[in-house]
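Here is the structure we will look at, set down as structure tokens.
The values are calculated or read from the model by the stated rules, or taken from the named source; none is laboratory data. Small disclaimer: the values here were computed from a predicted structure and weren't measured. With ideal geometry, Cβ positions are generated from the backbone for all residues, glycine too; neighbour counts draw on all protein chains shown. Just the protein is used for accessible areas: all its heavy atoms, side chains included, with ligands, DNA and RNA removed. Shrake-Rupley method; radii C 1.70, N 1.55, O 1.52, S 1.80 Å.
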Amino acid sequence: MIYSTALRRGALALLLCLSAGVATAQDTPVEGGRLDLVVQPEPPSLFIGITTNGPSLLVAGSIYEGLLRYNDKLEPMPSLAESWEVSDDALTYTFHLRQGVKFSDGEPFSSKDAMFTFTKLLPETNPKWREVMRHVETIDAPDDHTVVFKLNAPYGPFIRSFAYTLAPMIPAHLYEGTDFAKNPNNDNPVGTGPFELKEWKKGAYIDLVKNPDYWAAGKPHLDEVVYHVVPDAASRATAFETRTVSVLPGGSVENFDIPRLAKEEGVCTTEKGWEYNAPMSFLWLNNRTAPMDNVKFRQAVMYALNRPLMQKVVWNGYGKVASGPITSTIPFYDKVDPQYDYDPKKAKELLKEIGYDGKPLRLLPLPYGETWQRWAEVVKQNLSAVGIPVEIESTDVAGWNQKTSQWDYDIAFTYLYENGDPALGVARNYITSQITKGNPFANVEGYSNADIDKWFDEAAVAASDDERQALYTKIQTKLQEDVPVAWLQELSFPTLYDCKVHDLVNTGLGIGNSLGDTWIEK
């Protein structure tokens, strides 16, 4: 959905020009200029080989690239791989890497870097990639510009595994043989992307400049991109109103400010760019400790939450109340029972049935701004109303990462990207093999069920979409019975921008994967 007052007024004139076969000034990208936008909150790191928080991916997507990009229908498009082939038996994927690509330190990108990233770095640092690798029998590099994967069985989601968010290409010459977590280049990221880091002044801004050796001829169009760190929500809105910044990426301004800002002259909005990530918010319920280890307590939490009110009031109507673990916008979603309508009476009955003693619980919000803080307050009120006392523990992003990755919480807010397929972005939160300390983007709640593990395994490699759907429907039904987490909402993050900014969002991965194409009308 894109609209603007100025755009509507100019629509007739534009239509007349196009009908006459005349190219307008707006058809041709303008070279140069600086784009100012907000990043909220400040990323904990730009090395997305390890850190995959949303703000990190937003900025570092202009520094690092994957082999493929994806459009809003989740179809693959070339990136560092200019072409690819899939064998008739769907077991062999051959990627032909682009030639003449260099990292921003001048070293060439080759299959050696891809092999290092796929076989050494990501299996150690990224739980989603570990899940992908369970289906890979061998990876070979027959020459400097070819990478061949042989799978142990057909794996439907495999072709959607090569986005920069899941598999960014990391320079082997800087990381091979090092401690990945302590490598000094984590603070000075080196990628193949359209921009490179010029300066990061902590607490103020991150300044990226054009990569002069970028492989795409004529791109990027912009000379510079500056991400402003503005902790105060009102100040972020003011920065946009005064055009100190031209873009408020989705999630960087409070929801209650969006309608007012969107009505301003020359302002465009879009909810596109989230098709691949499909963010799902939920509450991690620490299944390891009482009372969260009791399924009836977890069901009581679901009944206690007034989620439609949260979506309407806290999120200003944006997004959609979640019905279960898979968002309705990615393949294999099915709305199955049980569903949990707001029913505090039912919640109290379940708590009484299990003899809940009123033990106070800790609630960890996401430190992403006032919307999330308000959301935590509403959850606290809902739970208190049925007799579950809650104490909110506030923290910063680094603290949230630490507490959740070390399982030091009772109930914690999060949202995870579903990456276009349940096998890539959903399974990791529910299967036993992903219960590992040290990463907040895996099975942090500690849920373990042998049937769920088996069904996720089978669904990933099932021969047909019908078979996959049948298995994912079983998975959704069982998870909704067990309530390992409390699902809240399919998130929608409207982006606001000056209408003079063009080609801001043109992939299913949004601004993070598009700024190489972006230009500013003079």
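Here are a few things to note about the model shown:
- Per-residue ³J(HN,Hα) for the stretch 141-152, Karplus 6.51 cos²θ - 1.76 cosθ + 1.60, θ = phi - 60°, Hz, x for Gly and Pro: 10, x, 8, 5, 10, 9, 10, 10, 9, 10, 8, 7
- For the stretch 328-458, the calculated P(r) over all alpha carbon pairs, in 10 Å bins from 0 to the bin holding the longest distance, is 11, 30, 39, 20, 0 percent.
- Under the Karplus curve 6.51 cos²θ - 1.76 cosθ + 1.60, θ = phi - 60°, whole-Hz ³J(HN,Hα) for the stretch 39-56, x wherever Gly or Pro sits: 10, 9, x, 4, x, x, 6, 9, 8, 7, x, 10, 8, 10, 4, x, x, 5
- Rounded FRET efficiency, nearest 0.05, which uses the C-beta distance separating Lys296 from Ser87 and R0 of 45 Å: 0.35
- The shape of the stretch 165-316 comes out oblate: with a ≥ b ≥ c from the C-alpha gyration tensor, a/c is at least 1.5 while a/b does not beat b/c.
- Part-to-part distance (alpha-carbon centres) for the stretch 355-386 and the stretch 191-250, which is given in Å: 34
- Labels on offer are (1) 1.15; (2) 0.97; (3) 1.00, and the one holding Rg/Rh (Cα atoms, Kirkwood Rh) computed from this structure is (2).
- What the phi angles of the stretch 408-423 give under the Karplus curve with 6.51, -1.76 and 1.60, with θ = phi - 60°, is a coupling list of 9, 6, 9, 10, 9, 6, 7, 9, 10, 7, 9, 6, x, 6, x, 5 Hz, glycine and proline written as x.
- Extension gain (nm, one decimal) between Asp27 and Arg362, 0.36 nm per residue minus Cα-Cα: 115.2 nm
- Each Cα pair of the stretch 225-281 feeds into the Kirkwood radius, which the Stokes-Einstein equation turns, at 20 °C and 1.002 mPa s, into a diffusion coefficient of 172 µm²/s.
- The alpha-carbon of Lys500 sits under 19 angstrom from the alpha-carbons of these aspartates and glutamates, leaving out residues fewer than 8 places away in its chain: Asp27, Glu31, Asp36, Asp223, Glu224, Glu241, Glu264, Glu265, Glu271, Asp517, Glu521.
- For the stretch 177-327, with +1 on Lys and Arg beta carbons and -1 on Asp and Glu, the positive-most of Ser252, Asn183, Tyr214 along the dipole: Ser252
- Between Gly319 and Ser492, the built amide H atoms are under 5 Å apart, and every one of these is 5 or more places off in sequence or on another chain.
- Compactness of the stretch 115-220 as Cα Rg over 2.2 N^0.38 Å, two decimals: 1.25
- For the stretch 276-371, a simple Cβ point-charge model (Lys and Arg +1, Asp and Glu -1, everything else neutral) yields a dipole of about 140 debye relative to the Cα centre.
- About the Cα centre, charge dipole magnitude for the chain (Lys/Arg +1, Asp/Glu -1 at Cβ), debye: 1260
- Summary: within the chain, the longest segment free of GluC sites (Glu not before Pro) located in DSSP loops with at most 14 other C-beta atoms within 10 Å is 266-520.
- Distances between placed amide hydrogens fall under 5 Å for Lys102 paired with Phe109, Trp215, all partners being 5 or more residues away or on another chain.
- Dipole orientation for the stretch 397-522: of the candidates Pro440, Gln402, Gly420, Gln402 has the Cα lying most toward the positive pole (charges on Cβ; Lys, Arg +1; Asp, Glu -1).
- Overall form of the stretch 78-156 per C-alpha gyration tensor (a/c, 1.5; a/b vs b/c): oblate
- At q = 0.18 Å⁻¹ the log10 of I(q)/I(0) for the stretch 381-522 amounts to -1.13, computed by Debye summation with a single uniform scatterer per C-alpha, solvent ignored.
- Surface accessible to a 1.4 Å probe, per residue, for the residues of the chain, Å²: 38
- Selection from Leu364, Thr146, Ser111, by position along the positive dipole direction of the chain (Cβ): Leu364
- Across the accessible surface of the stretch 180-339, with the other protein chains kept in place and a 1.4 Å probe, carbon and sulfur atoms take up 52 percent.
- Tensor-based shape of the stretch 233-382 (alpha-carbon gyration tensor, a/c under 1.5 rounded, otherwise prolate or oblate): prolate
- Met115-Asp213 FRET efficiency (beta carbon distance; Förster radius 22 Å; 0.05 resolution): 0.45
- Counting only DSSP beta bridges with both residues in the chain, the antiparallel share comes to about 80 percent.
- Measuring against 30 Å, Cα to Cα, the residue pairs Lys219/Lys312; Lys73/Lys320; Lys73/Lys296 contain Lys219/Lys312; Lys73/Lys296 as the ones spanning a longer distance.
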